[in-house]
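Quick notes on the structure that follows.
The values are calculated or read from the model by the stated rules, or taken from the named source; none is laboratory data. Note that the structure is a prediction, hence the values are computed from the model and not measured. Note: ideal-geometry Cβ built from the backbone for every residue, glycine included; neighbour counts use all protein chains shown.
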Amino acid sequence: MNMPDESAVRDALCTVDDPEAGMSIVALGLVYNIAVTDDAVNVDMTMTTPACPVADSLVEQSRAAIATISPPGTQVNVNLVWEPFWTPSMMSGVAKDFFGWPG
């Protein structure tokens, strides 16, 4: 099995849904950065609020989703970051339409 590329990691993360929003963390704009090296996948992601009650669960689900498409022994790092602070403008067009946010 080869290392996944950034697109494959993003696709895997699309399977992780925020249960409160009912939408993927990618569509919500929670995934900030994906970096793949020869032996590791590093992801920076955030939550809509620091008080998010499912943050630990979403980080673990993200890690598991990436691990399923990575070779055995790949280091998977999902880092929870707070800068830049998440805003609704970071959502995909589909998510904005779903929630009724303009443009």
With the condition kept exactly as written, say whether any residue in the range 30-42 is surrounded by 13 or more Cβ atoms within 10 Å (Cβ to Cβ), modelled with pLDDT under 95, touching a strand residue (DSSP E or B) at 6+ places or on another chain (Cβ under 9 Å) and of a type in the set (S, T, N, Q). no
Can you spot a residue in the range 67-75 that is closer than 16 Å to Met91 by Cα, surrounded by fewer than 19 Cβ atoms within 10 Å (Cβ to Cβ) and out of contact with any Pro (no Cβ under 7 Å at 6 or more places or on another chain)? no
